[in-house]
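To keep things clear, I will list the structure first and then write my remarks on it.
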Amino acid sequence: MSRLWGRKQSSDDRRVVAPPGAPASAAVKSSAPNAIEVAYWLVLWRAPTDADIREALPALHSAERLHHLYLHLFGSAEFRRLADILWDELDPARARRAVEPALATMGSDAEFIEFAYRAILGRPSDPEGRATYLAILAAGHWRSYLLQALIRSPEFKTRFAMLCPQAGFLPRDIQLCELANPAKWNNPEWMDLLASLVVVPPDKPSMHRKGYEFTQLLFGLTRLNCIRDDVHVLSVGAGHEAVLYWLANRVARVIATDMYGAVWQETGAREGDESVLVDAARFAPFPYRQDRLVFLKMDGRFLAFPDATFDVVYSLSSIEHFDGFRGARLAMDEMARVMKPGGVLAVATEYCLSGPPHHEAFQPDQVFALLQHPSLTLVQPIDNRVWDRYEYVPVDLRRNPYETPNMVVSDLGSVFTSVMAFFRKTH
Ligand SMILES: C[S@@+](CC[C@H](N)C(=O)[O-])C[C@H]1O[C@@H](n2cnc3c(N)ncnc32)[C@H](O)[C@@H]1O
């Protein structure tokens, strides 16, 4: 505690002002503007403006309305910014210098302690706390540090979480079944997952469908409670994608399958590089549980596993390369077959937004036909209107495929993006 407690300058100005919650025991004068001023100084560490006072005047009519003024102040973004400083910094010198002269006017030390407890903890001081803080203030420490100590206390944090459960929370996009969606870059939970993959830059200008698919997979599996140590996962057309290694650190077992060594040995980002079969660690973006991840050469249209083997099956950016719609259909059937009932399937493939048919991207009706399967149910309808809400310039894959943001692309006149779908196996 000693590090927290700074020394105050002497102040003889002990003008008494109205307390928060007006404790009957505190011998204070209560005047109309003072109750509002006290509230602002104790909670926001600043004087109210004229407009603040005008707006807060009803607070003077009853204890209940005064309580609402405090709720209003605690619920403000301004308090959250101050609280972040007070939680992070032991010595917030600038804020302290600004508030201290006003706090010094709030009655005797005993009265001030009472005001602070009422305002911050919403209760009278207890004998132990009162004695501690009386001694600390008598030793010449700043009053603002008493406020800070209360704001940093677990008791206040619990109270704050109860009064302001939205604190630190902004509405966020949580759709699972959708076209690649830039709104996800505004979701902190989603962005934490993206950052945890290491391989994807976490800034908006670097926005890329690859990062979207990887992160959306992990986001969906997390939300669907599939990230558990008893879960067995199969990836189809896996290449050496970073999510394999991420999952290996968190689930029972991951089996990566791909036609390694075929055309993708040299094309694209060499996703089909067969050397992963002999040296998987070379492709790992971070240390991983090597005993949990197995790479197998296997055609996604003919999976060499018994029925109902896996809890989770997924395939990212691959089935469109399995020899057209028929190959993709075969892979969907196979993936559904090897899943346990109740298991989760996640599939990302190419979705045409406009232009002529493309040999490696599906038209919307083909996508919806592919996603119809007798034993699979989408966990929610697919939002295929995402790109109706954004202005965009497609990245021309022939001219510069590396340009970012890389969320909508064009090739040979076709404009397409990724579609992501999560299913449960019903039977
Ligand atoms: C665009 S890459 C995607 C790789 C990985 N999912 C990723 O997102 O990084 C397509 C992958 O599909 C694989 N592939 C192509 N035809 C396949 C088939 N019939 N069965 C399994 N994998 C196949 C390729 O070898 C390649 O690794």
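Bear in mind these aren't lab numbers, they're just calculated from the coordinates by the rules spelled out. Keep in mind it's a predicted model, so treat the numbers as computed, not measured. Positions of Cβ are backbone-derived with ideal geometry, glycine not excepted, and every protein chain shown enters the neighbour counts.
Okay, here's what the table says:
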{"item": "Likely footprinting exposure, 163, 179, fewest C-beta neighbours within 10 Å first", "result": "163, 179"}
{"item": "Which of 260, 288 has the fewest Cβ neighbours within 10 Å, and the rest in rising order", "result": "288, 260"}
{"item": "Hull volume in cubic angstrom per residue (convex hull over the Cα atoms of segment 156-286)", "result": "143"}
{"item": "Footprinting exposure proxy for 414, 196 (fewest neighbouring C-beta atoms within 10 Å first)", "result": "196, 414"}
{"item": "Rough spin-label spacing in nm, given labels placed 7 Å along Cα→Cβ, for residue 337 and residue 266", "result": "3.3"}
{"item": "Centre separation in Å (Cα based) which lies between segment 261-275 and segment 322-336", "result": "20"}
{"item": "Highest-MSF residue in the chain out of 78, 274, 320 [GNM, Cα springs under 10 Å]", "result": "78"}
{"item": "Karplus-derived HN-Hα couplings along segment 178-187 (A = 6.51, B = -1.76, C = 1.60, θ = phi - 60°), whole Hz, x at Gly and Pro", "result": "5, 7, 3, 10, x, 4, 5, 6, 9, 9"}
{"item": "Sum of -39500 (n - 2.57) over DSSP H runs of 4+, divided by residues of the chain (222 nm, nearest 500)", "result": "-10500 deg cm²/dmol"}
{"item": "nm² value of the averaged projected area, convex hull over the Cα atoms of the chain", "result": "26.9"}
{"item": "Derived scalar couplings ³J(HN,Hα) [segment 243-258; Karplus, 6.51 cos²θ - 1.76 cosθ + 1.60; whole Hz; x for Gly, Pro]", "result": "4, 4, 6, 4, 5, 4, 7, 9, 10, 5, 7, 10, 10, 9, 10, 5"}
{"item": "Extent along principal axes [Cα atoms of segment 177-253; Å; largest to smallest]", "result": "36, 24, 21"}
{"item": "Between segment 181-214 and segment 107-123, the alpha-carbon center distance in angstrom", "result": "46"}
{"item": "Cα-based shape type of segment 233-358, given that a ≥ b ≥ c are square roots of the gyration tensor eigenvalues and the cut on a/c is 1.5", "result": "oblate"}
{"item": "Backbone HN-Hα couplings from phi across segment 199-206 [Karplus 6.51/-1.76/1.60, Hz, Gly and Pro as x]", "result": "7, 10, x, x, 10, 5, x, 8"}
{"item": "The chain, relative contact order [Cα under 8 Å, separation at least 6], %", "result": "13"}
{"item": "Value of Rg/Rh across segment 278-427 [Cα atoms, Kirkwood radius]", "result": "1.00"}
{"item": "Whole-Å semi-axes of segment 26-163's equivalent ellipsoid (Cα gyration tensor)", "result": "21, 18, 15"}
